[in-house]
Each structure stands twice: as structure tokens, then as C-alpha cells.
Amino acid sequence: MLNRPRLQAASLSLLLFSAVACGGGGGSTAAPATPSPTATPGPAGWTLAFSDEFDAAGALDPAKWGYEIGYIRNDEKQSYTSRSENVRAEGGNLVIEARKEAHQGYGYTSASINTLGRFEFLYGRVEVRAKLPTGNGTWPAIWMLGTNRTQVGWPACGEIDIMENVGFDPLRIHGSVHTAAYNHTIDTQKSASVSIAGPWEDFHVYAMEWFADHIDVFVDGQKYFTFRNEGTGSRAWPFDKPQYLLINLAVGGAWGGQQGIDDALFPKRYLVDYVRVYRRD
């Protein structure tokens with residue numbers, strides 16, 4: 001998602017870390033709160049470490065989520081806000097709502113939330129059940145960045161894209177990674193995609209499993225992308241350090257806007273039923 005034109009390990013455990021300033025995230029740098037997992041059973045072999053079911057209507061839990069604010073990246077056309085008009089819990093879902101309105105010099109508003117400074121982890125499984133917006137100009141994503149981004153920059157910090165979708169190609173779901181050795185700026189990006197039925201009509205589960213030797217990406221339990229640790233060092237595999245989670249809805253941009261923006265779409269909602277992160281038993 002960051003700055004691009006489209007786009008068995010032994011004894012693995014999930015680790016929590018205190019906040020590290022990591023560019024882009026608008027969250028607090030206070031020490032992360034202890035997560036409050038629910039009793040929701042996880043997949044076999046995994047234990048829940050962090051979750052949000054979005055059952056409490058209104059503002060998001062500040063112990064779990066921070067916000068990116070303003071213009072951030074990718075020639076996108078929205079200004080990100082933390083306003084309830086753009087981001088809230090409603091009806092048991094996270095709602096990220098993109099709106100056509102003038103705001104701080106931009107013609108659209110939307111939201112991008114993240115766990116920076118609240119929950120950061122090394123290895124684990126992420127599951128997000130979501131219903132995507134669609135139509136020309138929409139660009140929803142679920143992704144991760146290294147907490148050391150301000151120290152080493154992008155793409156050296158590593159990026160894991162669990163789900164990306166552009167509204168002009170509505171059935172196709174993309175998973176990818178970005179590293180210093182493998183990224184679009186040098187035509188070496190590692191990615192794959194899969195088509196699913198009506199991601200804007202129904203909720204689907206977008207998931208990623210991160211181990212010391214490989215990363216797998218799934219939709220509804222179907223694995224469609226694997227990236228392996230070549231053992232050649234951090235340029236190819238920076239994924240031995242903590243990362244944090246981001247969920248956003250962009251409007252237009254270098255990839256999402258390639259076929260224009262259909263203003264008749266707005267307001268447009270991106271719904272997330274739950275976010276769950278597990279550690280390996």
C-alpha cells in the first residue's frame with residue numbers, strides 16, 4: 001500500500017512491544033495497553049492475542065487504534081480524518097466511510113486506522129472479516145508495516161499486504177510483500193492475486209500467517225500467495241522484527257485512481273466485522 005503504483009519455524013511466539021515512532025501512523029506513543037482477547041475460539045493451533053469485534057457503537061477503542069491524519073501517500077485524493085463521519089463502530093462493524101466533501105484542501109475524506117503504539121507483534125496469524133467497497137476510485141486495504149520504518153525507511157522496514165482491492169477490478173484480491181530487494185520501484189515485487197465472488201456483497205475472511213521462514217496469505221481459507229525467507233539477509237527478509245496493522249480506504253491514487261473516480265459512488269462504506277491476531281501454540 002505504501003508508495004507504489006498499484007501495486008516451520010520452531011518455537012514461534014507472538015511478542016508485544018512498546019511503541020516505536022514509525023512514520024505515517026497518527027497514534028499515541030504511550031506504552032501499549034494489554035490486549036483484551038475475547039473468548040472467540042481460534043483456528044486449531046493458534047491462541048488469540050489481540051482482537052476487536054467492534055460491538056460497542058461509537059468511537060473506536062483508543063487502547064487499540066490510532067489514526068493517520070491528512071494527506072499521507074500515493075497521490076491519493078482524500079484527507080484522512082478521525083471524525084465519526086469517516087470512522088466509527090456501528091451495528092457490530094467497523095465502518096470506514098469515504099465521502100465526497102471538501103476538507104483541508106482535498107475533495108474527499110476517509111479514514112486509515114492502525115495499531116502503532118498499541119499492539120505490535122512478531123509472527124502470528126491475522127484474520128479480518130470484511131465487506132469491501134467497490135467502484136472506480138475505491139482502494140481498500142489491510143496491511144502491515146515494520147515499527148522501525150522511521151529508522152530504516154520504506155521498503156527496508158518491510159510491508160505485508162494481507163488484502164488490497166481496486167474498485168475498477170472489483171473481483172480481484174491482491175496479496176504481496178515489499179522489501180528492499182523486492183518492490184515495484186525496481187520491478188521485483190512479490191505478489192499474487194485471486195478472484196472471489198462479490199467481495200462488496202458479502203463478508204470474506206482475509207488472513208495472513210507469518211512465520212520465521214515464510215508468509216502465507218489467504219482468502220476464506222484458500223492460500224494463494226507464499227513468500228519464503230531465502231536466508232540472504234534483511235534486504236530480502238526484513239520480517240524478523242515487529243510490525244503493526246493498518247486498515248484504510250483510499251480514494252483514487254496511483255493505483256486506485258488509474259481509471260478515474262466515480263463521484264456518484266459516495267458516500268462509500270468499508271465494513272469490518274472483526275480483527276483478530278493469534279499466536280502459535
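The values are calculated or read from the model by the stated rules, or taken from the named source; none is laboratory data. Note that the structure is predicted; figures quoted are calculated from it, not measured. No Cβ is skipped: glycine too gets one built from the backbone with ideal geometry, and neighbour counts run over all protein chains shown. Accessible surface is based on the protein model in full, side chains and every heavy atom, while ligands, DNA and RNA are left aside. Shrake-Rupley method; radii C 1.70, N 1.55, O 1.52, S 1.80 Å.
Please give the charge dipole size of the chain, origin at the Cα centre, charges +1 on K and R Cβ atoms and -1 on D and E Cβ atoms. Round to the nearest 20 debye. The dipole magnitude comes to about 400 debye. Rounded to whole Å, the principal axis extents of the Cα atoms in region 44-87 read 42, 25, 15, largest first. When the square roots of the Cα gyration tensor eigenvalues are ordered a ≥ b ≥ c, the ratio a/c for the chain is under 1.5, which makes its shape rounded. Rolling a 1.4 angstrom probe over the protein heavy atoms with all chains in place gives the chain an accessible area of 38 Å² per residue.
Each label point was placed 7 Å from the Cα along the Cα-to-Cβ direction; for residue 47 and residue 171 their separation is 4.3 nm. How much mean residue ellipticity at 222 nm does the chain get from its helices, if each DSSP H run of length 4 or more adds -39500 (n - 2.57) and you divide by all residues, to the nearest 500 deg cm²/dmol? Calculated mean residue ellipticity at 222 nm is 0 deg cm²/dmol.
Descending by average beta-carbon neighbour count within 10 Å, the peptides 72-83, 214-225, 54-65 line up as 72-83, 214-225, 54-65, the highest first. By the gyration tensor of its Cα atoms, with a ≥ b ≥ c the square roots of the eigenvalues, what is the shape of region 70-127: rounded for a/c under 1.5, prolate for a/b over b/c, or oblate? Note, shape of region 70-127 comes out oblate. In loop segments of region 117-204 as defined by DSSP, the GluC sites (Glu not before Pro) with at most 13 further C-beta atoms inside 10 Å of their C-beta are 201. Over 19 Å between Cα atoms: which of 190/268; 64/223; 64/100; 77/268; 64/131 fall into that group? Checking Cα-Cα distances, 190/268; 64/223; 64/100; 64/131 exceed 19 Å. Ranked by the mean number of other Cβ atoms within 10 Å of their residues, highest first, the peptides 134-140, 234-240 come out as 134-140, 234-240. In terms of Cα atoms, the Rg and Dmax of region 159-281 work out to 15.6, 49 Å. In the distance distribution for region 111-181, Cα-Cα pairs more than 20 Å apart total 38 percent.
Rolling a 1.4 angstrom probe over the chain with all protein chains present gives an accessible area of which 48% lies on carbon and sulfur atoms.
Multiply the residue separation of residue 258 and residue 220 by 0.36 nm, subtract the distance between their alpha-carbon atoms, and state the gained length in nm to one decimal.
Values: separation 38, 0.36 × 38 = 13.68 nm, distance 2.78 nm.
Extra length available between residue 258 and residue 220 comes to 10.9 nm.
Tell me whether region 233-281 comes out rounded, prolate or oblate; compute the Cα gyration tensor, take square roots of the eigenvalues as a ≥ b ≥ c, and use a/c under 1.5 as the rounded threshold. Because a/c hits 1.5 or more and a/b fails to exceed b/c, region 233-281 counts as oblate. Applying the Karplus relation 6.51 cos²θ - 1.76 cosθ + 1.60 with θ = phi - 60° to region 97-108 yields 3J(HN,Hα) values of 10, 8, 10, 8, 6, 6, 7, 6, x, 10, x, 9 Hz, where x marks Gly and Pro. The label point for residue 273 and the one for residue 213, both projected 7 Å from the Cα toward the Cβ, are 3.4 nm apart.
How far, in nm, would the chain grow between residue 188 and residue 232 when pulled straight, counting 0.36 nm per residue and subtracting the alpha carbon separation?
Details: separation 44, 0.36 × 44 = 15.84 nm, distance 1.57 nm.
So the extension gain works out to 14.3 nm.
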